Structures are given as structure tokens and as C-alpha cells.
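Just so you know, all these numbers are worked out from the coordinates, no wet-lab data involved. Keep in mind that this is a model prediction, so the values were computed, not measured. Cβ atoms come from the backbone with ideal geometry, glycine included; neighbour counts cover every protein chain shown.
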Amino acid sequence: MYSKIKIKADNVNFFYGKVQALKNITIDMLEKQVTAIIGPSGCGKSTFIRLLNRMDELIPNSSMTGKICLSGVDIFNCLCDPVDIRKRVGMVFQKPNPFPKSIFDNISYGLKVNGIKDKSFIEEKVEDALKKAALWQEVKDRIHESALKLSGGQQQRLCIARCLAVQSEVILFDEPCASLDPISTAKIEELILELKKDYTIVIVTHNMQQAARVSDYTAFFLLGELIEFGKTQDIFTKPNDPKTEAYITGRFG
Amino acid sequence: MLFLCIIITLIFLGSIIYFISTRGFKVISWEFLTQGPRMSMTQGGVLPAIIGTFYLTLGAIFFALPLGLACAIYLCEYSPKSFVVNLIRISINNLAGVPSVVFGLFGLAVFVNFFKFGVSILSGSLTLGILALPLIISASQEALTAVPQSIREASLSLGATKWETIKNIVLPTALPGILTGVILSIGRVAGETAPILFTAAAFYTRGYPKSIFSEVMALPYHIYGLMTEGTHPYQQKAIAYGCSLILLFMVLLISGIAITLRQRQRGAHV
């Protein structure tokens, strides 16, 4: 039913200086589906996900070959401005990283840098984003207080709301629950399942149960290579590659 | 043992304040604060010197803050990591160690003579500004480096440009640290004598400065003058202590204002 390819990575190689972090990654991610990327530390998961909104190029001495297409358009094409790509592909980071501003300003920031000035529209959008991120009930009375006063889980949901406010098409989650407790994690996972209705989601995670719970497709990375990619159900029940099986059954990693 | 060191330091600090206060307090009066000197410096007040120091300090910060901040932003956010940039960094740090009288001579040669600004508030402010530059640059650089990379990434990932990120996220976050640099420089600049010796200061001026091209009286130079020139050394000495007290008080006041601002800034989002 959802067969449209949203993100297409074609033969992607990525280098930090001379060290090759990604080797010939080819992967198709479908629209409005959750794709999980699993693998041991240092396998290139984060590097890969950060390519999808062109955050990797902030790293000096890095270089890449291959093609990544978003809705069929090559995002590394020289005509593409990385700033425009990032407006379409939002990102939630490993550690909650709210700005040292009020809750309201955290969310309105993305709208403001996108040139929106209409105050009532911004207010509406902020409320909307907070509701979508399941945070509105908790913060509606203190929306002008500092975001740093929120708990870790609330901060992470705020970061998600911040993404949602700018109307992204894709949201990248880079180990979003790495620093959260189980209850906050459950809330984030619930949220991801909810957001799937409107957004294409890519999530990097160390937690295999999490990948199994939230994703439709799973990619297993090892030492910069894509070992296996397929329906989450298949990867976890009948993996093709013995390395995948070894990893998901906890024999290494 | 370590506690003893603190006590010794506090004793020095306390005795400075004690001596300056007890000796200076005698001459402080409403007249002293609100009038110009009369009768060969032995009567009247030192208002022109207070105003002069205020202008010079303000001028120096006005010149050094934007320039220093811009340098720090370039060095932290834009410059590539290269040998040349490292050299620039080291040079800036060394600039902070140059003796202030050297800045004074430089100011005389460049601002007073070459640019023909004359002995004036402008020349003095520029000279003091150069003295303050390395302080402001290194404090700002430190403050900028302390801003976590993660919130820069957050801003960029929302589709903000690099400049928008710096302007809206990095600078406000670094502001308390930058203000600390400004406070330090104010303290340093207000009290400097050597840089204004040849570039701005006069022992006595009629009335108040009329433009940025006027010579001015300034507290530190006035103290120096009272102790070394003039014909009534005994009365002048008392006035010099009075000036010292005012200078001390001015620096504390300006620092106090800046510290309050910084605390407020910091307190807003912690």
C-alpha cells in the first residue's frame, strides 16, 4: 500500500579523511514507514543518517561518493542548498538539545528562520506541534518558561515538536532514547508510531527491542557495510545473513 | 595552608580599600564630585576627570567590543583550522602581554600624528580600545567555544543558515561569557594611565570636553599629575587619594552593573 520510495541511497561511500566510514550503501526507504538502522557502535549508522540531511558535511575533511535522492531528487546535487534539505528532513539527536530559550521560543525558532512572522500563525503552530509531540498537556501553563527546566524525556519530546513545527517530510532519529528512562522511552516510541501517519521516519538505535517495536523495515550495518535490509519481521525472525543472526541474538555488539 | 593564602590575599585587598577609603574620604564632598578644579588644583572638584574617564572607557569599549566580537566569531566559527589561524590566535594572546606604555607610544604615532586626531578623546579611546581588544577577543572566543556543538546542530537541522545559527543561538548563549570579557576590559581600561599619557589626557582643561577631538582630564592621569606636578604637593596628595577612591568606586560600579546583567541573562534560562 505504501510503495513510494522516499529516500534512495545509491552506492554511498563516506570518508573521514582517509578512513572509510560507509561502504557502498544502497538502500530504499519507503514513504510513511519507519526504517530502523541497527548495528554495533562505530558501524556507520549515525554517519549514514546524518548524510540524509547533509549534516555530515559540517565535519572537516570528510568526503562522499554516490547518490542520495529525496523524493527522486539528488540532494547532493550542486543546485541543492543544504539549508533547504534540512528544512525538509528534520532531525532528533541522541541527547536532548533544546536551545537555552523558553519552550515557546524553542519551537517558534524553526518557523522564524523560515521567514514566518505572523504571530497568531506561529502561536497556532507551536500549540499544534506540542500537541502532536504529546507534550502540550504537560507544558501548556508554562510555555514561556525555560526549556531547560523540563525533564530529559520532556526535552526530547520538545526537540521532536521543534522538528514537527517546520513541516518536515522526513524525521531522522539518531538514538533518540539513548539517554532516557524506560517510561520516557515508551512515550517516544508511541509518538514515533503516531507520527508515521504523516512522516517518513528513519531511526538509529542500539536497542534491538526498540527496532522490533517501532519499525517496519530494518537495516543492519556492520563496519560501514550494509549487511542486511528487509522487513523488520523477517530480519528478526529469519535473517538471511549469519552475521545478522549473531548480532540480533546478542552474540556480539 | 591554602586557607592562609586566601587570608593573606584578603588582607592585601582589605588594606587597599581601607587606605584608599580613609585617606580619600576626607576630601570627598558634593563639591568634589560636581565641580572642576580651582586654585591650582587645591580646591574645587574633579568632575572633568570623572567625565573624561567615563568617555574614554565608553569610547574604548564602543570601539573594541564590535571589532573584538567579530574577530572572535570569525576565529571560532568560520576560520579553517590552519597554521596561519593558529598563528593569529597566538598573536592575539601575546598582544595582551604588551606593556601598556607601548600602546601609548603606538597611539601617539598612529592616531595622534599619522591620522592627525591630535591629543583627543578619539585617540585615547582608540588606543585604550586596542589594549582591550585581546581581552575581549579571548574572553569571547572562550565563551563561543563553550557553546555546545549540539545546539548548533539542532539549529542547522531546522533549516537555519550558519549566520542565523550564530546570531540567534550561539551569541545569546555565549553572552554571559562575553560580558565577563567586557567587565574585565572596563576595569583594565578605566584604570590605565600609560596609554592615555600621550594620546588623550591633560592635567587641566578649562571646562568640559566639547567634542571627541578635545583633550580630556582623566582620573588615573589626574592622580599621576597630582602626585608629580603642581605647586602644592601636600594638598594635592589628599586630592589624589580622593580621585583614587572615585576611580575604584567607578570601576566597581560599572562591573557591578555588568555582573548584574550577566546574572540576569544566565538566570533567565537555567
Most mobile of B:F198, B:F54, B:F115 in a GNM of chain B (Cα contacts under 10 Å) | B:F115
How big is the range B:25-108 in terms of Cα radius of gyration and Dmax, in angstroms?
-> 20.5, 61
Non-local amide H neighbours of B:Q43 (under 5 Å, H modeled in plane, Pro and chain starts lacking H): which ones?
-> B:R38
For A:E245 and A:K112, FRET efficiency with R0 = 51 Å and r from the beta-carbon atoms, rounded to 0.05?
-> 0.55
Overall Cα dimensions of the range B:1-157, principal axis frame, Å, largest first = 66, 55, 31
Cα long-axis angle, helix A:182-195 against chain A (0 to 90 degrees, to the nearest 10) | 90
How many Å³ per residue does the convex hull of the Cα positions in the protein assembly as shown occupy?
-> 216
For A:K231, list the aspartates and glutamates whose Cα falls under 18 Å from its own Cα; do not include residues on the same chain fewer than 8 positions away.
-> A:D28, A:E31, A:D216, A:D241, A:E245
Using 7 Å Cα-to-Cβ label points, what is the A:D198/A:R88 separation (nm, one decimal)?
-> 1.9
Where does the charge balance sit around B:I178 when Lys and Arg score +1, Asp and Glu -1, over other residues with C-beta under 10 Å from its C-beta?
-> 0
Only helical DSSP H runs with n ≥ 4 go in: add -39500 (n - 2.57) per run for the protein assembly as shown, normalise by residue count and round the 222 nm mean residue ellipticity to 500 deg cm²/dmol.
-> -16500 deg cm²/dmol
Cross-link reach list, lysines versus A:K95, counting only Cα pairs under 20 Å and skipping chain neighbours closer than eight places | A:K45, A:K149, A:K187
Helix A:152-165 sits at what angle to the longest principal axis of chain A, using alpha carbons and giving 0 to 90 degrees rounded to 10?
-> 90
Averaged over all directions, how much area does the convex hull of the C-alpha atoms of chain B cover when projected, in nm²?
-> 18.4
What is the pair-distance distribution P(r) of the range B:170-239, computed from all Cα-Cα distances in 10 Å bins starting at 0, with each bin given as a whole percent?
-> 18, 34, 26, 15, 5, 1
Percent of Cα pairs exceeding the 15 Å cut-off, where the set is the range A:28-92 | 57
Using the structure shown, select from A:K23/A:K67; A:K32/A:K119; A:K132/A:K196; A:K8/A:K67 the pairs with a Cα to Cα distance greater than 20 angstrom.
-> A:K32/A:K119
Note: A:81-89 gets an average of partner chain Cβ contacts (10 Å, Cβ to Cβ) equal to 3
Over the range A:50-185, with a single point scatterer placed on each C-alpha, what log10 of the ratio I(q)/I(0) does the Debye formula yield at q = 0.09, 0.10, 0.18 1/Å?
-> -0.29, -0.36, -1.02
Quick one: net charge around B:C76, please, counting Lys, Arg +1 and Asp, Glu -1 for every other residue with C-beta under 15 Å from its C-beta.
-> +3
Return the percentage of antiparallel bridges among DSSP beta bridges fully within chain A, rounded to the nearest 5 %.
-> 60
Counting other beta carbons within 10 Å of each Cβ, put B:S155, B:S29 in order, fewest first.
-> B:S29, B:S155
For chain A, alpha-carbon Rg relative to the globular expectation (2.2 N^0.38 Å, N residues) | 1.01
Shielding by other protein chains, A:95-101, mean Cβ within 10 Å = 6
Percent of Cα-Cα distances greater than 16 Å, calculated over the range A:134-237 = 61
Taking chain B as the reference, fit the longest principal axis to its C-alpha atoms, fit the long axis of helix B:83-95 to the helix C-alpha atoms, and give the angle between the two in degrees, 0 to 90, nearest 10.
-> 20
Charge tally for neighbours of A:G224 with beta carbon under 13 Å away, counting Lys, Arg as +1 and Asp, Glu as -1, is +1
